[in-house]
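The values are calculated or read from the model by the stated rules, or taken from the named source; none is laboratory data. For clarity, every value in this text was computed on a predicted model and none was experimentally measured. So basically every Cβ, Gly included, is an ideal-geometry build from the backbone, and we count neighbours across all protein chains shown.
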Amino acid sequence: MKKICYLINSDWYFHLHWIDRAREAKNSGFEVFILANFRNEKLVEKLTVEGFKCIDTRIKERSINPIGFILDAIRCYKIIKKIKPDLLISITIKCLVIGGVYSRLTKNRVLLNFVGLGRIFNSRSIIDKVLKILVKPCIKWIIKYEKSYLCFEHEYDKQNLLKEVGFQTERAFVINGAGVDCDVFKIQPEPETKEITILYASRLIKRKGLPDLVQVVSELREELNIKINLKVAGINVPDDPDAISHTAISEWHRNNQIQWLGKSDEIPKLLAACHIVALPSTYPEGVPRILLESFASGRPAITYDIDGCRSLISHKLNGILVRTGDLAEFKERIRELILNKELRLMLGNSARKTAVERYSSKIIINETICLYNNIMSENHNHVRK
């Protein structure tokens, strides 16, 4: 039995974005190992019962301490060496570097999954700029290795990364995001209510745009004299330097600016109960999961015109794109969606069609397993290059 090993920072991130693909890999006959910082014992039990081999790397997800990174790398190297996977799948920048360096040194196959390019390639902070200077030549050295493969969620990231490192390769592929189960997320009539419900669902970091959305919705409530519910479901990341504080969330909720739902496992119900999905994110996204889910549910989405959102949304055809950072324009486009039901329905129906034809989990999972199989057989002609 061939072994596949996922190397990823967080247990919750793996379960949210990768579990369906891992299940299909297991069902296809692979022995699947998951290496992550496992904090949730119940999740470990659940994955173990399903037949996955879960190993706690204790990797420090957001630490930039060089000594801590070296210790994380050594610990991961020892674990991977013991497993001897036929394919190592590295996800997120820190794990890309650790897995890539290990595979090049040991002459093993590695698939580097870029789920967005992250802060290192887009941040203006001095620390991130220094990290970028260090990471770029490392990634270039890794991808020059003939058994390294790259996978991106959209073409923009692929072109940007290869341009950044100054190296072109035929071993770089694109698979459209994590996919969405179009049988779970079904199109339904929008709620017949006088009030409008806007849904925001994402990690609670400032660059994901929630502060901007709270401001815009608060202004529109006063200007339109319409009851607008802003429902917020999200994942707290208190150790992230860009995190939105619990104090801010509590204050918005107390002032009725948002309805705070916390982390929710009922996104299909929340989408069915809303009229609009908004994500004014400036974060360097892959393909945002909430947008895939809103598309499958036939709900119109409005976002900033960043690469990951632009790869999914065609402006005024299946969603709304606004020039990044233009808060006044974002406000006007939300106003338009609130007042124009026909526009909402047209965009929602078109979005559903896009989800079914291009982003269905059946399509994405099939392409992913084909990629795994063909990498191990060294056949490179299987998905979009």
Q: Might you let me know whether the stretch 176-189 holds any residue that is out of contact with any Asp or Glu (no Cβ under 7 Å at 6 or more places or on another chain), over 29 Å from Met346 (Cα atoms) and either of a type outside the set (Lys, Arg) or modelled with pLDDT under 90 (or both)?
A: no
**Q.** Residues that are free of Cβ contacts under 8 Å to residues at least 60 places away in the same chain and buried (at least 16 other Cβ atoms within 10 Å of the Cβ), drawn from the stretch 222-241
**A.** Asn229, Leu230, Lys231, Val232, Ala233, Gly234, Asn236, Val237
Q.
Looking at the stretch 15-32 only, could you name the residues that are of a type in the set (S, T, N, Q) and part of a helix (DSSP H, G or I)?
A. Asn27
(Q) Exactly one of these conditions fails for Glu50: (1) surrounded by fewer than 16 Cβ atoms within 10 Å (Cβ to Cβ); (2) modelled with pLDDT under 95; (3) under 25 Å from the mean Cα position of the chain (by Cα). Give me its number. (A) (2)
Q: State which residue pairs qualify: first residue in a helix (DSSP H, G or I) and inside the stretch 132-143, second residue of a type in the set (Lys, Arg) in any location, beta carbons under 9 Å apart, and separation of 6 or more residues or different chains.
A: Trp141/Arg104; Ile142/Arg104; Ile143/Arg171
Q: Would you confirm whether any residue within the stretch 26-35 is buried (at least 19 other Cβ atoms within 10 Å of the Cβ) and either out of contact with any Cys (no Cβ under 7 Å at 6 or more places or on another chain) or not assigned by TED's automatic domain parsing to the domain that holds Ser103 (or both)?
A: yes
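To keep it simple, each residue is scored yes or no on (1) farther than 24 Å from Leu87 by Cα; (2) β-branched (Val, Ile, Thr); (3) outside the structural domain of Leu345 (by TED's automatic domain parsing); (4) at pLDDT 95 or above.
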position: Glu155; (1), (2), (3), (4): no, no, yes, no
position: Asn160; (1), (2), (3), (4): yes, no, yes, no
position: Leu210; (1), (2), (3), (4): yes, no, no, yes
position: Val217; (1), (2), (3), (4): yes, yes, no, yes
**Q.** Residues that are without any contact (Cβ under 8 Å) to a residue 40 or more places away in the chain and not in a loop (DSSP other than H, G, I, E, B), drawn from the stretch 290-326
**A.** Leu291, Ile302, Thr303, Cys309, His315, Gly319, Ile320, Leu321
Q: Would you confirm whether any residue within the stretch 248-258 is crowded, with 17+ Cβ neighbours inside 10 Å, in a loop (DSSP other than H, G, I, E, B) and touching a Phe, Trp or Tyr at 6+ places or on another chain (Cβ under 9 Å)?
A: yes
Q | For Tyr304: the one exception among (1) under 15 Å from Phe185 (Cβ atoms); (2) of a type in the set (Ser, Thr, Tyr); (3) in contact with a Pro (Cβ under 6 Å, 6 or more places away or on another chain) | A | (1)
Q) In the stretch 180-216, which residues are over 20 Å from Ile306 (Cβ atoms) and not hydrophobic (A, V, I, L, M, F, W, C)? A) Asp181, Asp183, Lys186, Gln188, Pro189, Glu190, Pro191, Glu192, Thr193, Lys194, Glu195, Thr197
Q. Among the residues of the stretch 113-122, is any surrounded by fewer than 18 Cβ atoms within 10 Å (Cβ to Cβ) and in contact with a Pro (Cβ under 7 Å, 6 or more places away or on another chain)?
A. yes
Q. Restricting attention to the stretch 33-71, which residues are touching a strand residue (DSSP E or B) at 6+ places or on another chain (Cβ under 7 Å) and in a loop (DSSP other than H, G, I, E, B)?
A. Phe38, Phe52, Thr57, Arg58, Ile59, Glu61
Q: Report whether or not Ile93 is surrounded by fewer than 20 Cβ atoms within 10 Å (Cβ to Cβ), within 30 Å of Glu266 (Cα to Cα) and aliphatic (A, V, I, L, M).
A: no
(Q) Looking only at the stretch 265-289, filter to residues that are assigned to a loop (DSSP other than H, G, I, E, B) and among the β-branched types (Val, Ile, Thr); which one of those is nearest to Ile175 (Cα to Cα)? (A) Val287
(Q) Whether any residue in the stretch 363-382 is in a loop (DSSP other than H, G, I, E, B) and in contact with a His (Cβ under 9 Å, 6 or more places away or on another chain) is what I want to check. (A) no
Q | Considering residues of the stretch 262-277 that are under 15 Å from Ile198 (Cα atoms) and in contact with a strand residue (DSSP E or B) (Cβ under 7 Å, 6 or more places away or on another chain) only, the residue surrounded by the most Cβ atoms within 10 Å (Cβ to Cβ) | A | Val277
